[in-house]
Amino acid sequence: MEKDQKVRIGGIKFSEELIQVTVAKKSPDDLSICRLLHLIAEKNINISFLCHSVFTRTPETIFCVESSELDAIRNILKAAAFPDEHFDIIRSVGTLTLFPHRNELKLLGLIIDLFGACNFPVYSFSTSISAIALNTDFLSLDNIAKKLQTVLLLPDNHAPFRQGFRVTQIQM
Amino acid sequence: METIAVYREEQVKVYGITEKADFALAILHFPGTSMALWGRRIMSLEQSLNRFELVTCHTGNSRAVELHILFDPKYADTLRNTVNALIKEEKNTAFTLKQPVDVLFLFGPHFQDRYGIVDIAFNALRKNDVEILVSGCAGTSMYFVTSKNEGRKGFHILADTFLIPTRI
């Protein structure tokens with residue numbers, strides 16, 4: 001694609017390596033997801049992404065935490081009495097953040113089209129006030145960014161995709 | 001190099017909470033194999049939908065995709081007609097429109113890096129019987145889509161739960 005045909009965006013950012021957890025409610029008025037979120041908070045585990053819907057066959061909540069928390073999450077799911085068939089964990093997930101979306105479907109459609117055409121997995125995504133946060137295969141992030149730059153134009157002085165620092169909350 | 005900053009807040013501070021009423025929520029189910037096709041369709045929907053308020057999406061175990069678009073209801077008829085015409089003969093594809101719905105939006109400092117924020121919001125709404133139909137929490141933003149008339153109640157609950165320097 002010619003430079004002047006590309007969609008101009010402000011930037012792309014990669015997350016650390018994450019896991020994505022999908023939990024399904026056992027029944028529509030079941031409180032297990034609220035309990036689960038509470039147990040995760042009690043263990044000081046940060047949820048960097050979450051989406052939730054009651055329009056699936058059983059209401060589902062999808063969230064991402066750092067990959068180092070895998071064992072802790074398994075223990076919490078056990079403590080919250082989630083049977084195996086009510087949750088699913090995807091390992092090695094990366095959040096790709098693109099901004100700004102300007103509340104326009106064009107950028108979103110372009111990204112979904114590219115992911116579909118290149119067979120990059122889309123595990124989940126959500127828009128925020130200005131960005132699109134999309135969860136995909138962590139190991140493919142560099143390759144995805146390269147492909148995205150065939151249709152998107154980044155500023156010349158773009159910062160590295162990976163953050164050079166991390167913010168961690170130690171105590172509430 | 002590690003920098004430690006100490007900051008204590010008795011009540012989680014947010015930059016703002018907004019309640020917006022009367023939105024339309026499009027719920028689309030399609031097979032994961034149609035991802036590229038739907039990408040192109042979504043681009044073309046821009047003309048009939050104008051701007052979105054929120055979009056969330058997830059892929060289930062069977063590679064079925066569920067996509068939600070929250071938008072201005074004045075474009076609902078156009079969107080319904082356009083999408084229904086597109087999916088007329090497609091298998092494993094469904095389109096539902098729910099309206100009117102309300103949306104609560106809040107954003108705060110470093111929400112994506114702090115634990116317990118989503119727990120506080122979810123549990124406050126759940127305890128007061130506000131059902132969250134769809135939620136999208138990413139970056140510093142949290143969106144909660146509720147049924148019509150639940151938004152006002154949800155707003156008051158969140159406003160009591162979080163500390164807002166200025167109410168919007």
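The values are calculated or read from the model by the stated rules, or taken from the named source; none is laboratory data. This one's a predicted model, so the numbers in the text were calculated from it and none came from an experiment. Note: ideal-geometry Cβ built from the backbone for every residue, glycine included; neighbour counts use all protein chains shown. Remember, those area values only see protein heavy atoms, side chains included, never the ligands or the DNA or RNA. Shrake-Rupley method; radii C 1.70, N 1.55, O 1.52, S 1.80 Å.
Values for this structure:
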item	result
Equivalent ellipsoid dimensions for the range B:23-100 as semi-axes, Å, which come from the Cα gyration tensor, largest first	20, 13, 12
Buried accessible area, chains A and B (both chains, 1.4 Å probe, Å² to nearest 100)	4700
Segment A:Met1-A:Ala117, length gained on full extension (0.36 nm per residue, minus Cα span)	40.2 nm
Centroid-to-centroid separation of the range A:48-88 and the range B:53-80 [C-alpha atoms, Å]	22
The range A:1-43-the range B:111-142 distance, computed between alpha-carbon centres (Å)	12
Debye, to nearest 20: dipole size of the protein assembly as shown, +1 on Lys, Arg Cβ, -1 on Asp, Glu Cβ	460
Nearest-20 debye value, the range B:49-130 charge dipole, Cβ charges on Lys, Arg, Asp, Glu	100
For chain A, with +1 on Lys and Arg beta carbons and -1 on Asp and Glu, the positive-most of A:Ala133, A:Gln149, A:Ile62 along the dipole	A:Gln149
The range A:69-84 - phi-based ³J(HN,Hα) in whole Hz, Karplus 6.51/-1.76/1.60, Gly and Pro as x	8, 3, 5, 4, 5, 4, 5, 5, 4, 5, 4, 7, 6, 8, x, 3
Length-normalised contact order for chain B - Cα pairs under 8 Å, 6+ apart - percent	34
Partners for A:Lys3 among aspartates and glutamates (Cα-Cα distance below 14 Å; same-chain residues under 8 apart left out)	A:Asp156
Percent RCO, i.e. relative contact order, over chain A, from Cα pairs under 8 Å lying at least 6 residues apart	33
Computed magnitude of the charge dipole of chain A (debye, nearest 20; Cβ of K, R +1, Cβ of D, E -1)	280
